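What follows is a set of notes on a single structure, which appears directly below.
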Amino acid sequence: MKKRLLFILVAGLFSLAGCSRSDQPAEDSNGKTEIVTTTSFLTDLAETIGGEHVAVTGLMGPGVDPHYYQPSTSDIIAMGEAEVVIYNGLSLEARFTEIFEHLGERDVLTLKAADGIADSSVLHETEEGDAQAVDPHIWFSVSRWKQVAQYVAEELSSHDPEHAEHYQENAEAYIKELEELSAYIEERVAEVPESSRYLVTAHDAFQYFGEEFNFKVVGLQGLNTKTEAGTGDISQMADFIVDRDIRAVFVESSVSPRSIEALIEATASREHELQNAGALYSDALGSPEDNTDSYTAMFKANIDTIVDGLTKAE
Ligand SMILES: [Zn+2]
């Protein structure tokens, strides 16, 4: 969509949404604060912290790639009508930029999850090329996610002081759950010898995980999913894998498996056996059927896939 056209559409939709809510009280008739979230991680977080006092509408479901996601007309209306919009930031929701700018001008509390962590703890792409690109995948650091949870609780508390105590209690309970998750991850990581701790995936979603849990992380595609890995990358990566005797690589639930499949073929032609050790959840939660529709369940499933994959391939 042309920039100008999007601008008009967004402004128009917001003014439509605005006339119906201008003289309403801050809360809807159910007394709940209406929140719209972009990614499924944030939907889970908002529901956990807000509990019974919020009604959360998540825009992106299981398996949806946020780098690519184009907000629909109904998404734009939902954001314009919400009291609170929570998004990740750091350019993750690349196609929402203009909408967030408009929301900022309206009576919508717009929270950027990345504002919950210090600028100095944001990682950057280390590879050549897009040298300064910030890494938006902050949810893969449990310690940073705890800070985001606390930030969301504080912001909801000032927006809705009547239920502040409730939000704070939920945040405290959740932070405890995240500490237990962290301990579980550390325990499982310890099963993998340090020299075998290589996580090779399609795109660079796991740098924060690698930094926090002492894993070397290699993505074939850089920080976003918009570019497919080139054959040069695949062949270089195949050499890298053979040199280090890496036996297992992982696909991602929200990214095409093509580049990882090409990598497995390239290592096979070098007579090295490399396994596809399963799918990781990278930029979206899983589904309720797979029991991976919460942040903690998703992270546990990932760490089990990683550790089982690497230790079985030994
Ligand atoms: Zn990503």
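The values are calculated or read from the model by the stated rules, or taken from the named source; none is laboratory data. Remember, predicted model here, so these are calculated numbers, not experimental data. Positions of Cβ are generated from backbone atoms using ideal geometry, with glycine treated the same way; all protein chains shown enter the neighbour counts. The protein model used for the area step is the full one, side chains on, heavy atoms only, and it has no ligands, DNA or RNA in it. Shrake-Rupley method; radii C 1.70, N 1.55, O 1.52, S 1.80 Å.
What the table shows:
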| quantity | calculated |
| --- | --- |
| Cross-chain or 6+ apart pairs with Cβ under 7 Å, region 35-55 first and under 24 Å from residue 68 (Cβ atoms), then open to solvent by 10 Å² or more (accessible area, probe 1.4 Å) and modelled with pLDDT under 95 | 40/61; 40/62 |
| Residue in region 277-295 that is open to solvent by 80 Å² or more (accessible area, probe 1.4 Å), in a helix (DSSP H, G or I), modelled with pLDDT under 95 and more than 25 Å from residue 181 (Cα to Cα) present | no |
| All positions within region 160-170 that are under 17 Å from residue 55 (Cα atoms), open to solvent by less than 100 Å² (accessible area, probe 1.4 Å) and in a helix (DSSP H, G or I) | 161, 163, 164, 166, 167, 170 |
| Verdict on residue 174 being among the aromatic types (Phe, Trp, Tyr), open to solvent by 30 Å² or more (accessible area, probe 1.4 Å) and modelled with pLDDT of 95 or more | no |
| Search result, residues across region 55-82 that are open to solvent by less than 10 Å² (accessible area, probe 1.4 Å) and over 17 Å from the mean Cα position of the chain (by Cα) | 76, 79, 80, 82 |
| Tally of residues being out of contact with any helix residue (DSSP H, G or I) (no Cβ under 9 Å at 6 or more places or on another chain), away from the ligand (no atom under 16 Å from the Cβ) and closer than 30 Å to residue 66 by Cα across region 170-206 | 2 |
| Answer from 91, 120, 74 - the residue that is in contact (Cβ under 8 Å) with a residue 40 or more places away in the chain and either more than 15 Å from the ligand (Cβ to nearest atom) or outside any helix (DSSP H, G or I) (or both) | 91 |
